[in-house]
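The block underneath contains the structure these notes are about, expressed in structure tokens.
The values are calculated or read from the model by the stated rules, or taken from the named source; none is laboratory data. Treat the numbers as computed from the prediction; the structure is a model and nothing was measured. When we count neighbours, we look across all protein chains shown, and the Cβ atoms used for this are built from the backbone with ideal geometry, even at glycine.
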Amino acid sequence: MRVLLVDDEPLARQRAARLLAELDNITVVGEASNAEQAISEFERCRPDALLLDISMPGMNGIELAKRLGEYDPAPAVVFCTAYDEYAVAAFDTHALGYLLKPIQRDKLAAVFSRLSRLNQAQLSALAALSEDTTSSGPRQQLCISSAQGMTLLPVSAVRYFYADNKYVSAVHPEGELLLDESLKELEDEFADQFIRVHRNALVALVYLQGIERVGVGGYRVRLQGMSDGPHISRRHLPAVRARLSARA
């Protein structure tokens, strides 16, 4: 992955470059100290991703991210900043990572490992979502606090939501992330995209491929991109079958 560093502090750029050099399959292809230089460098080397400071003189990092989001293909953006109050505004640009300074190597590695698993078509699709930040409809991204910091997960990547006691997880092909929302809240917001299959599970309709038997009298959903899907309760089995029949 080819990365452009953008930070008005030379020492911060040096530290970031040193940490990125320790990661596999990462190459720093340019540096910039402000937004104007960053745009010029981006057009010159067309990096896959930016490690971007937020607080800079002139155009700040958030404004720059929105500007670069107009390019096709748009780069992935990982913000780094000394101020955590920028988190919500940063994710409004559909950044794929958010790191606090001083950057920690393990968190930097976790963010870029996640980016390396996204192909260019996915990155472009995520960047295109930045045009819809004023929409009053359901969210297109889930902003999640995890051990790796703040994470942005596209709703379109979620195969199913699963409740286990007090916790709800968003399950996707690369793993799962814990949410701070109830299954009922998610069901209400994403009623057109997910279907209830069990009291503890909502499944993405777009990935619903079929039903398979489990044991004696049990059923579970078959989902695209997943080896196992959640179980279907007897109460919700007719609705799931009706959805599948409607597609036939």
Which residues, taken from segment 167-199, are within 23 Å of the chain's Cα centre (by Cα), outside any strand (DSSP E or B), under 25 Å from Arg247 (Cα atoms) and of a type outside the set (Phe, Trp, Tyr)? Pro173, Leu186, Glu187, Asp188, Glu189, Ala191, Asp192, Gln193
Are any of the residues in segment 62-72 in the same structural domain as Phe112 (by TED's automatic domain parsing), within 22 Å of Leu108 (Cα to Cα), loosely packed, with under 14 Cβ neighbours inside 10 Å and free of Cβ contacts under 8 Å to residues at least 24 places away in the same chain? no
Can you tell me which residues in segment 206-248 are surrounded by fewer than 16 Cβ atoms within 10 Å (Cβ to Cβ), assigned to a loop (DSSP other than H, G, I, E, B) and out of contact with any His (no Cβ under 9 Å at 6 or more places or on another chain)? Gly215, Val216, Gly217, Gln224, Ser227, Asp228, Arg234, Ala248
List the residue pairs whose Cβ atoms are under 7 Å apart, where the first residue sits in segment 152-171 and is among the basic types (Lys, Arg), the second is in a strand (DSSP E or B) and crowded, with 18+ Cβ neighbours inside 10 Å, and the two are 6 or more positions apart or on different chains. Arg159/Val171; Arg159/His172; Arg159/Ala204; Arg159/Leu223
Specify the residue that is surrounded by the fewest Cβ atoms within 10 Å (Cβ to Cβ); the eligible residues are those in segment 6-31 that are of a type in the set (Gly, Ala, Ser) and assigned to a helix (DSSP H, G or I). Ala21
Being surrounded by 12 or more Cβ atoms within 10 Å (Cβ to Cβ) and farther than 20 Å from Asp164 by Cβ is the filter here, so list the residues in segment 190-205 that pass it. Ala191, Gln193, Leu205
In segment 41-71, how many are touching a Ser or Thr at 6+ places or on another chain (Cβ under 7 Å) and in a loop (DSSP other than H, G, I, E, B)? 3
Of Lys184, Lys166, which residue is at pLDDT below 95, outside the structural domain of Lys101 (by TED's automatic domain parsing), among the basic types (Lys, Arg) and closer than 30 Å to Leu99 by Cα? Lys166
Does any residue in segment 225-239 that is of a type in the set (Lys, Arg) come within less than 9 Å, Cβ to Cβ, of a residue that is exposed (fewer than 13 other Cβ atoms within 10 Å of the Cβ) six or more places away or on a different chain, and which pairs are these? Arg234/Gly217; Arg235/Arg199
Just give me the residues in segment 139-148 being surrounded by fewer than 20 Cβ atoms within 10 Å (Cβ to Cβ) and at pLDDT below 80, in sequence order. Cys143, Ile144, Ser145, Ser146, Ala147
Every listed condition ((1) within 19 Å of Arg105 (Cβ to Cβ); (2) under 25 Å from the mean Cα position of the chain (by Cα); (3) touching a residue at least 12 places away in the same chain (Cβ under 8 Å)) holds for Arg15 save (2)
